[in-house]
Amino acid sequence: MFGLILEMFTYPFMVRALCMGVLVAVCSALLGVTLVLKRYSMIGDGLSHVGFGALAIATAMNAAPLAVAIPVVIAAAFLLLRLTENSKIKGDAAVALISTGALAIGVMVVSMTTGMNTDVYNYLFGSILSMSHGDVVLTGTVSAVILVMFVFFYNRIFAVTFDETFARATGLNAKLYNTVIAVLTALIIVVGMRMMGSLLISSLVVFPAVTSMRTCITFRSVMICSAVVSTICLVTGLVISYLYAAPTGASIVLCNIAAFITFAAVQKGRECLQSSEKSL
Amino acid sequence: MSLISCEDLAFAYDGVTVLRHLDFKVEQGDYLCILGENGAGKSTLMKGLLGLKKPSAGTVSFGEELRAKEIGYLPQQTPVQKDFPASVREVVLSGCLSGMGMRPFYAKAEKDRADRNMQALEITDLKDRCYRDLSGGQQQRVLLARALCATKKVILLDEPVAGLDPLVTINMYRLIERINKEMGITVIMVSHDMQAATKYASHILHLGEDRQLFFGTCEDYRHTAAYHSFMDGEKAVHIWKKAAGKEKKPRAASPEPEEKGEKEKKEVQQ
Ligand SMILES: Nc1ncnc2c1ncn2[C@@H]1O[C@H](COP(=O)(O)OP(=O)(O)O)[C@@H](O)[C@H]1O
Ligand SMILES: [Mg+2]
């Protein structure tokens, strides 16, 4: 089996998938922590469905998929952020409307034009074979921006995530941070969609954050733990999908579920230990 | 010039005015308590002072020695924070950001400042604990330490004792008193608690339905109908009648003092 794994990385497309996958995994995990804590995780889900709609329309028009998807998804990010911030018009319901609406439009466009072919299947469930050189460059750029931002603005991102009102009162431009985070989420979702598929990409945003929140007690450790867990799950998922010819996106999500269950069990175990210590 | 002065200040949401004709001044070292019922606009006024909400009329002006971003703030608790994974130290340190300009990382000065404030509020031994695992009173002290990191002069507290049990509440009031007396920090506090307000504060601002019922020193406040309608219904009526006889139109308290007095009394007893 070890030989098989070594052999796996002699294929250039596998190495490319691994590099891109790790970058996407780390970035989406970092963004995921703030999104989950700010109760914005539905935005990630909504954006990926909008992404599918945009890709379907791009295919129908014979346009470059990313050239259409990126601006559309960024516009959707602005819209969803506005809706979620404004609690008056039931933010979560509005996100659900947009997300299912975009999916329906995508499905309709597909069935009226090309029909359910491999391309469309790949948009929905992802494929590591569909990634081009351009995708690699884009992923690298977006990830670099996200990583630099998280290093240099880490303390400010913490402040805005923990307490937006206080952050604004002490002079931070919280709206700007929210917008930048939404736009970067949009970008990472579009590039990650190629590999994970639009139906599964948002799990990369939500799972690592929720998993590490089971056991970590500082913000910094949640951030680091999310990135590490996400990377390990991605690599494991990739290997599993190679060994057993399983779908990549689904394998990665299953690894994330396993990680979540493990962390939740550790948390439960600790709680039991603590309460039994107390009762002694 | 006063530290903070408000002239004919008004606030509105979507065109509906919730507060109007506010006139008051805060001097260095004051302990101002803002009283009023739920929905009177206390939090709105706090946000106005912080520059988070634009007044629909009037002005807020600061003395030369104070800039708007140098105010420490303890917000009304939001549900988001209740299960937040962050250490006490991380939360307190985040108060120091306001004085850092564009510098991305905390320097020794900020860390010392956070340590000092944690010491002052007796939470040093909690510093590596997780914020979500603390009791309500401990969480409030952490947020108070954070607010102290953000200021050297003024601190705004929005219902700092809401939801705390009586013993913890008294402790909290003592801490706030020490912040005011020993550190010389001006305190502006929103509260429901008339008794504590008149005990600790130097000045009172009482907000009614949509306007200011009283502003002045705590001493003067004890002689107004607004105060007695909270504390003692009958005495309020007495003062009311006297005031009505003298100047026809009393400047304080609500239209039906008798009814209101009874109602308030019941609430106080509960
Ligand atoms: N974001 C908002 N949008 C619209 N109305 C608001 C908003 N926040 C507060 N209000 C209204 O303003 C009034 C004052 O609210 P608030 O300042 O929170 O009162 P308090 O803190 O004294 O309980 C209330 O009637 C409330 O309904
Ligand atoms: Mg309030």
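If you take the residues in segment B:170-193 that are within 16 Å of ligand 2 (Cβ to nearest atom) and touching a residue at least 40 places away in the same chain (Cβ under 8 Å), which one is surrounded by the fewest Cβ atoms within 10 Å (Cβ to Cβ)?
B:192
When segment B:12-21 is examined, which residues are found to be part of a loop (DSSP other than H, G, I, E, B) and either within 16 Å of ligand 2 (Cβ to nearest atom) or away from chain A (no Cβ under 14 Å) (or both)?
B:15
Hey, can you tell me all the residues within segment B:61-83 that are away from ligand 2 (no atom under 16 Å from the Cβ) and at pLDDT 90 or above?
Residue satisfying the conditions is B:72 alone.
Select, from B:135, B:94, the only residue that is farther than 16 Å from residue A:218 by Cβ and either within 8 Å of chain A (Cβ to nearest Cβ) or surrounded by fewer than 18 Cβ atoms within 10 Å (Cβ to Cβ) (or both).
On the way: B:94 fails: farther than 16 Å from residue A:218 by Cβ.
Result: B:135 is the single residue among B:135, B:94 that is farther than 16 Å from residue A:218 by Cβ and either within 8 Å of chain A (Cβ to nearest Cβ) or surrounded by fewer than 18 Cβ atoms within 10 Å (Cβ to Cβ) (or both).
Consider only pairs whose beta carbons are under 7 Å apart and that are at least six residues apart or on different chains; among these, list those whose first residue lies in segment A:148-163 and is within 7 Å of chain B (Cβ to nearest Cβ) and whose second residue is of a type in the set (S, T, N, Q) and assigned to a helix (DSSP H, G or I).
A:155/B:94; A:158/B:94; A:159/B:94; A:162/B:81; A:162/B:94; A:163/B:81
Residue B:67 versus (1) more than 14 Å from chain A (Cβ to nearest Cβ); (2) closer than 17 Å to residue B:154 by Cβ: which is the lone unmet condition?
(1)
If we keep just the residues of segment B:138-169 that are away from every other protein chain (no Cβ under 14 Å) and touching a Leu at 6+ places or on another chain (Cβ under 7 Å), which is surrounded by the most Cβ atoms within 10 Å (Cβ to Cβ)?
Among those residues, the one meeting the criterion is B:141.
Grab the helices (runs of 4 or more DSSP H) fully contained in segment A:1-88, keeping just those with 1 or more residues being modelled with pLDDT of 90 or more.
Working: elements: A:2-8, A:12-37, A:41-60, A:65-85.
The helices (runs of 4 or more DSSP H) meeting that bar are A:12-37, A:41-60, A:65-85.
Quick test for you: out of A:184, A:204, pick the one residue that is within 12 Å of the chain's Cα centre (by Cα) and surrounded by fewer than 23 Cβ atoms within 10 Å (Cβ to Cβ).
A:184
Can you find a residue in segment B:145-159 that is within 16 Å of ligand 2 (Cβ to nearest atom), part of a loop (DSSP other than H, G, I, E, B), farther than 19 Å from residue A:218 by Cα and under 17 Å from the mean Cα position of the chain (by Cα)?
Within segment B:145-159, one or more residues are within 16 Å of ligand 2 (Cβ to nearest atom), part of a loop (DSSP other than H, G, I, E, B), farther than 19 Å from residue A:218 by Cα and under 17 Å from the mean Cα position of the chain (by Cα).
Can you name the residue in segment B:1-22 that is away from ligand 1 (no atom under 13 Å from the Cβ) and within 23 Å of residue B:180 (Cβ to Cβ) and is also surrounded by the most Cβ atoms within 10 Å (Cβ to Cβ) among such residues?
Restricting to residues being away from ligand 1 (no atom under 13 Å from the Cβ) and within 23 Å of residue B:180 (Cβ to Cβ), the top hit is B:4.
Can you tell me which residue within segment B:39-56, out of those that are within 6 Å of ligand 1 (Cβ to nearest atom) and in contact (Cβ under 8 Å) with a residue 60 or more places away in the chain, is nearest to the other protein chains (Cβ to nearest Cβ)?
B:43
Going residue by residue through segment A:122-134, is there one that turns out to be without any contact (Cβ under 8 Å) to a residue 12 or more places away in the chain and away from chain B (no Cβ under 14 Å)?
yes
Just name the residue that is nearest to the other protein chains (Cβ to nearest Cβ) out of those in segment B:179-222 that are away from ligand 1 (no atom under 16 Å from the Cβ), in a loop (DSSP other than H, G, I, E, B) and not β-branched (Val, Ile, Thr).
B:183
The values are calculated or read from the model by the stated rules, or taken from the named source; none is laboratory data. Small disclaimer: the values here were computed from a predicted structure and weren't measured. Counting neighbours? That spans all protein chains shown, and the Cβs are built from the backbone with ideal geometry, glycine included.
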